[in-house]
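*Asks:* Have a look at this one.
Derivation of every value follows stated rules applied to the coordinates shown; laboratory data play no part. A quick note: this is a predicted structure, and the numbers were derived from the prediction, not measured. Here the Cβ is made from the backbone with ideal geometry for all residues, glycine too, and neighbour counts use every protein chain on show.
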Amino acid sequence: MTTPAPQRAAAPRRSIALFGGTFDPIHSGHIAVAQAAQRRFHLDAIHFIPSSRPPHKSQQELTLFIHRYAMTALACAEHPGFLPSLAEAPAAPPHVFYSIETVRKFRREHPDDHLYFIIGADQFLEFPTWKSYEQLLDSCDFIVASRPGFRLDALRLIVPPEKLGRSSGHDQHKIVLRKSVVHLLTTVASHVSSTEVRERLQRNQGIHGLVPPRVEEYILGQALYR
């Protein structure tokens, strides 16, 4: 009589988040948002995804991908669970990366995990201009980093009414959709921007504290944004 092979225990479900952007450069505000999200949602991993060719910017406007990825990797190195990702690295022929494609890629690779998408409130308000944004709303949960005084009602206005779930109006910090949840992250607010960092460097001003220390060393060593 053949003894049946023992069944492997199912891997525990993990919570992972995707944090995309140009990261030109990655700055302390990005790290603060990621840390707040990691604490609140008990995230096992946050994938920082520098985009080599986002749809809203031309290649001429961006620092070389290799530099932006290197800075992202340096910023992640000191934080357990922060992972630099090559999911949107340059491809041949040149490819414009859309968030819906990246989310679907991670969904295929992590079919059993709880998937979040970290995004700023201003970016979320522009969702109707994004490719396949209604499908994107269905594809994962969202962590929306708010700014001071920002209200959840502003996010609700851009969600198609047919996407709303029954309990979407009962919580001040989340919108329940039929297939996902939009969470408002209010525990962190940063006034740092990549634009400010670049402009300070162009004026030969210091950026200490605006970017992680190892990123500052890299920028100065490579003479970026001069």
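*Asks:* Under 16 Å between alpha carbons: how many lysine pairs meet that in the chain, if sequence neighbours fewer than 8 apart on the same chain are excluded?
*Replies:* 4
*Asks:* Sticking with this structure for a sec: Test of the criteria: in region 69-123, which GluC sites (Glu not before Pro) are in a DSSP loop and have at most 12 other Cβ atoms within 10 angstrom of their Cβ?
*Replies:* 78
*Asks:* Still on this structure: Calculate, in nm to one decimal, what residue 114 and residue 134 gain on full extension: separation in residues at 0.36 nm each, minus their alpha carbon distance.
*Replies:* Stretched fully, the residue 114-residue 134 segment lengthens by 5.3 nm.
*Asks:* Something else: Measuring from label point to label point, each 7 Å out along Cα→Cβ, what is the residue 56 to residue 172 span in nm?
*Replies:* Result for the modelled spin labels: 2.8 nm.
*Asks:* Can I ask one more? Could you give the length gained on full extension between residue 64 and residue 101, defined as 0.36 nm per residue of separation minus the Cα-Cα distance, in nm?
*Replies:* Contour length minus the Cα-Cα distance gives 11.1 nm.
*Asks:* Among rounded, prolate and oblate, which fits region 15-191 when a ≥ b ≥ c are the square roots of the eigenvalues of its C-alpha gyration tensor, a/c under 1.5 means rounded, and a/b larger than b/c means prolate?
*Replies:* Verdict is prolate for region 15-191.
*Asks:* What percent does the relative contact order of the chain come to when contacts are Cα pairs within less than 8 Å and at least six residues apart?
*Replies:* Relative contact order here is 23 percent.
*Asks:* By what distance, in whole Å, do the Cα atoms of region 90-226 stretch along each of the three principal axes, largest value first?
*Replies:* Projected onto the principal axes, the Cα atoms of region 90-226 cover 53, 42, 27 Å.
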